[in-house]
Each structure stands twice: as C-alpha cells, then as structure tokens.
Amino acid sequence: MPELDQARAFLRALPLALAEEILPSRFGYAAFVRSLPLVYWINLVSVDPGTRASAEELAEEAERVQAPAGLPHRKVSIYDDLGYDVEPGFRALGWNVHRHVVMTHERPADLAAGPVDEVTPEEIDPVWAAGIRESPYGDDEEVVRQLIAAQHRRRLAVAVRYFAARADGELASYCELFSDGETAQVESVMTLERFRGRGLAKAVVSHAVREARAAGHALVFLVADDDDWPKELYARLGFEARGHAWEIIREPPST
C-alpha cells in the first residue's frame, strides 16, 4: 500500500475504533461518542475513499445523520482527493474547511536532540488542560473536560505513548505516539505558550520518531495544518508532504 494511502487508512480507522455507535451513511459511516458531544473529532461523518459527491450532498447527509443525535456541530471528514473538489462548495455554505497535510518521515539524520521523558497520561493531564485553556475554545470547562476524556479514550483504539520535555522544572511540551503495530503516528504536539521558542517541540517529536523506528515501524507520519507554520518545523525534522486530509465543520450557531 502506498504510504499516503496507508496513513489515510490509519486516520480513518481511529474514530471508527473509538465510536460508541456507528451508523451507515449514504457516503460512508457516521461515528458517535454521545457521552462526549462537544468533541468534534469523534462525532463525525466519514466519507469512504472513492466517493463522488458535492459539498451540498455531503452537508445534507451530515444534517440527516447528526441532527437526530442532538450534536451542536456538523462535521465531515474526507481522506482522499475528493476534498479538493468540495472545498469551494463547503466554504460557500459557510463551513470551516481545515485542510491537513499528511507528512511521512523520510530523513532520520535531521532529528533534533534534547532531554525528553516518557510519561504517563496522568502526569500529562494538567498539561493537556493548560494547553486547551490557552486555545480559542478553552474558556468552557466542560469542553476542557470532554477533550481530556477524548485524549484518554484514544487508548481504546491504538497503543499510545506519551513523550514530554521539561522546562523550569515543569512539563512544558509533549506529543503522543500512536501505533497499530505497523504504522505509527506522531500526534497532539503542543508546547505551553510561556515555554515556546526553546526547541522543545522539535525535541519531543524527534524523540517520538526515534522510538517509533526502534519499535520497528516502517511508516511514521504526522498530520499538520496546511495553513500554519508547524509543517515547516516538521519538514526540517525530515517529514515530507505526501497529500491531504480534510476536516470540514459547521460550528454551532452563536448564542
């Protein structure tokens, strides 16, 4: 399987494995974790690779399957090049289109050095909470609670390891390493705002890649926002862009 297809298949499988409920959809499936309705990435409509549909058709299907669940948002995930075709239509409908670049690791010699520890999820809980509270949606404590619960839930689907770097005696930067035994994904890279600019993210990502390679994973990849600067950092660490995946969201109406 080509590396891009393998990475996209890994991404698509995760919410399916985490779901409390799965319903058939006209274009794929709908996954629900009704106990965590504010977490978009595990309450979604996943579009099957090879689907041909318009943005309007996909939006209508999301409404059909997600509205009865009482979800405040609508979300469609696309893992193949259909995303390029429907981007303009979704933007015209007022949805937020998040194009992510799928990057595979190709050059181990470019990895950075730095002291990094493997930590438990319980140790990293406060850092998760602090990082979420620094985000635009972090002023709602119920959102914080649900997002942390979703972080822990990932261990139901894949093996997860946690790597963190310290600064001034505190856990300051971290990432996760997902594995299904063959493929590894570096995920949830975050540095608390007051510790940024010290190379901590480079160190934790590099450490995760080394650990993935040492465990025998032939494919190590990550996903970055195609419109943001971290993809340039990852390129310097030996990751190369292979293609894209899409998260397309209609936010809840403002109250």
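Rule-based calculations on the coordinates, nothing more; no lab input. No experiment lies behind these values; they were computed from the predicted model shown. No Cβ is skipped: glycine too gets one built from the backbone with ideal geometry, and neighbour counts run over all protein chains shown.
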## Note on the structure
In degrees rounded to 10, the 0-90 angle between helix 55-66 Cα long axis and the longest Cα principal axis of the chain is 90 degrees
#### Entry: Sorted peptide list for 191-201, 157-167, criterion being average Cβ within 10 angstrom, highest first
157-167, 191-201
### Query
Hey, what do the phi angles of the stretch 216-224 turn into as Karplus ³J(HN,Hα) couplings, whole Hz, using 6.51/-1.76/1.60 and θ = phi - 60°, x for Gly and Pro?
x, 6, 6, 10, 10, 9, 8, 10, 10
### Task
Could you run the Karplus curve 6.51 cos²θ - 1.76 cosθ + 1.60 with θ = phi - 60° over the stretch 154-170 and give me ³J(HN,Hα) per residue in whole Hz, x for Gly and Pro?
4, 5, 6, 9, 9, 6, 10, 10, 10, 10, 9, 10, 9, 9, 6, x, 10
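How much of the pair distance distribution for the stretch 108-242 lies past 27 Å, counting alpha-carbon pairs only, in percent?
On the way: 1449 of 9045 pairs.
Considering the stretch 108-242, 16 percent of its Cα-Cα pairs are separated by more than 27 Å.
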### Task
Kindly provide the helix-only [θ] at 222 nm of the chain, computed as the sum of -39,500 (n - 2.57) over DSSP H runs of four or more divided by all residues, to the nearest 500 deg cm²/dmol?
-10500 deg cm²/dmol
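R0 = 41 Å: FRET efficiency of residue 69 with residue 107, Cβ-based, nearest 0.05?
On the way: r = 44 Å, r/R0 = 1.07.
FRET efficiency, residue 69 to residue 107: 0.40.
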#### Entry: Derived scalar couplings ³J(HN,Hα) [the stretch 188-200; Karplus, 6.51 cos²θ - 1.76 cosθ + 1.60; whole Hz; x for Gly, Pro]
6, 6, 8, 10, 4, 4, 6, 10, 6, x, 10, x, 5
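Specify whether the C-alpha gyration tensor of the stretch 3-101 places it in the rounded, prolate or oblate class, a ≥ b ≥ c being the square roots of the eigenvalues: rounded for a/c under 1.5, otherwise prolate if a/b is larger than b/c and oblate if not.
Working: a/c = 1.62, a/b = 1.12, b/c = 1.45.
Oblate, because a/c is 1.5 or more while a/b does not exceed b/c.
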### Query
Percent antiparallel among DSSP beta bridges with both residues in the chain, to the nearest 5?
85 percent
### Message
For a quick check: with amide H placed at 1.01 Å from N, whose amide H comes under 5 Å from residue 219's, ignoring anything fewer than 5 positions away on the same chain?
### Response
184
### Task
Taking only the C-alpha atoms, wrap a convex hull around the chain and report its volume per residue in Å³ as a whole number.
127 Å³
### Task
Quick one: go through the stretch 216-255 and flag any residue whose amide nitrogen is under 16 Å from the point 7 Å out along the Cα-to-Cβ line of residue 134.
229-230
### Where labels lie 7 Å past Cα in the beta-carbon direction, separation of residue 235 and residue 196 in nm
1.9 nm
### Query
According to the Cα gyration tensor, what semi-axes, each the square root of 5 times an eigenvalue, does the equivalent ellipsoid of the stretch 104-179 have, listed from largest to smallest in whole Å?
24, 17, 12
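Charges at C-beta only: +1 for Lys and Arg, -1 for Asp and Glu. How large is the resulting dipole of the stretch 3-101 about its Cα centre, in Debye rounded to 20? The partial results should precede the final answer.
Working: 10 positive and 14 negative charges, 58 e Å.
In debye, rounded to 20, the stretch 3-101 gives about 280.
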### Three-way shape call for the stretch 31-76 based on the alpha-carbon gyration tensor, with the a/c threshold at 1.5
prolate
### Query
Which one of 124, 152, 205 is farthest out on the positive end of the charge dipole of the stretch 108-242, using unit charges on Cβ (Lys, Arg +1; Asp, Glu -1) and the Cα centre as origin?
205
